[in-house]
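Laboratory data are not the source of any read-out in this text; all were calculated from the coordinates shown. Treat the numbers as computed from the prediction; the structure is a model and nothing was measured. Note that we place each Cβ from the backbone using ideal geometry, even for glycine, and neighbour counts take in every protein chain shown.
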Amino acid sequence: MPSTLTHAVTLLTLIAAVHGSTQAALFAVDQGVYSPQNGNFAQWYQDTHGRTLDLCLGKALSSRVPSTPGVPSYMCTLAVAAGVFDDQQPMVFPTNFPDEAFWFLADGALPTAGAATLNLKYTAALEAAFSGGDPAPNDQISFARIRIRMDAPVAGTYTITHPYGVDVFQIDTPGTKAINMTRDIGIGAIGNFTGALTGDVGPFLRSVNGPYTETDPTTGVASQYIGDPNLTEQVTGSPFGTNFIRVQGPNGIDGRTDVFGITGKLSTVVRPTPNVVQRATYTRRPGGTGNAGVQAQEDVFALAPPPPGTASFVDTASAPITMTEATATGAWYGQSSANPTLPVSLSVTADNHLAIPTSTPTTVTRALTDLVSIDTATYSLASGQLTLSATTSDATAATTLTATGSSGGAIGTLGGGGTTKTLITGISPIPPAKVTVTSTNGGSDTEEVVIVP
């Protein structure tokens, strides 16, 4: 699970960031043509669980939480601001339009943990905004945001687990908002909304009680919503199964909440089932009674909608293999004992029509390769020599492993019998930052080079 380490001196000074997104958070985004009715933003984003959300701009009201004077219980979170957007008037771009809007928004709060006052505020959002602040033509941006703000009652290390990762903060000076972190990913060229696909947000959290159907009084159109932002409810959808916020800190601080306010309007666009094949590799070694005396296996990993969705692949013996998913996070795995004849590709199919009737199955073809692992990659400053050791998962076929440097320049061929092969070669005066070892059977691995005296 991804994590971030942050160190506070006065308020919060970043000294190390080890955060990394390991999930395919989002699957696709609307490529246009964009409409002024939508503020010239992308209409929709789709996550890897198959749900597609429109930019939430309507004025449908919650039937669960009554509106109060001056505070309508909108199903969309609308940024009302004097001189920018008046929600009592028709929405018109750019003269009366929100300066920020959301395809998705999850808000959580944790006021206390035992006797400790935390005042934690958590936000995970897929947001539409304008580079200059106020709505303006040709100024649209989008980004995926994780924001954590929290008081730290005492100095020490605080670990915050949330639906999209783990963030660790070292606080030297406790106090109000001693933790104040915002991580926005995806802001790129104006009008290019693809950057948010690589952010930390996704798949979309959704209420366990939804979806909810509400009608926009200004249009008479009924829509479905994955949550009600006027409520706090339990959710599902975390790629790590952490559908909660937990704070662990010094002096035994340990608090948790599993309810969120959720904004998200389900789109009516018809999209295929997401299918991301992460890996298709084989292993074989001498032994066994079948496969001509070879013990073999084919391993396939994919990200696709969790059950009731399904995933399967056809192995190299043309047998259908049903894949399994056990965590409701959309991580699928399947294995076959077929012995491949290379080169060959596998067809992996994901189907989500039971959860989303309009979704169509998606088949992805992926080359089957051996699994290459770099065991050693060191460079000696004293000798100017690079030492490499790498292993292939194919112990029965003639396999050549070739090394290249960071810039793509050839380094050499690893030698030796068996599955582990080595190379010691002189490279001077500058070592490569990284090295890639590639197999003639298709597998590859890249590692950073360790510099030694």
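With θ taken as phi - 60° and the Karplus curve 6.51 cos²θ - 1.76 cosθ + 1.60 applied, the whole-hertz 3J(HN,Hα) list for segment 208-217 is 6, 9, x, x, 10, 10, 9, 10, 6, x Hz, x standing for glycine and proline. Within segment 26-116, the percentage of alpha carbon pairs spaced more than 18 angstrom apart rounds to 57%. Taken over segment 276-369, the percentage of Cα pairs per 5 Å bin, counting from 0 up to the bin with the maximum distance, is 3, 15, 24, 22, 16, 10, 6, 3, 1, 0. What the pair-distance distribution of segment 3-266 shows, using all Cα-Cα distances binned every 10 Å from zero, is 7, 29, 34, 23, 7, 0 percent. Only one item in [x] 24.9; [y] 24.3; [z] 23.1 matches Kirkwood radius over Cα pairs in Å derived from the coordinates shown, and that item is [x]. Dipole orientation for the chain: of the candidates 377, 263, 407, 377 has the Cα lying most toward the positive pole (charges on Cβ; Lys, Arg +1; Asp, Glu -1). Converting the Cα gyration tensor eigenvalues of segment 165-274 into ellipsoid dimensions via √(5λ) gives semi-axes, longest first, of 32, 20, 14 Å. If you take the Cα centroid of segment 427-441 and the Cα centroid of segment 332-370, the two points sit 32 Å apart. The C-alpha atoms of segment 409-452 occupy a region whose extents along the principal axes are 31, 19, 18 Å, arranged from largest to smallest. Equivalent-ellipsoid semi-axes for segment 371-452 (Cα gyration tensor, √(5λ), whole Å, largest first): 22, 12, 10.
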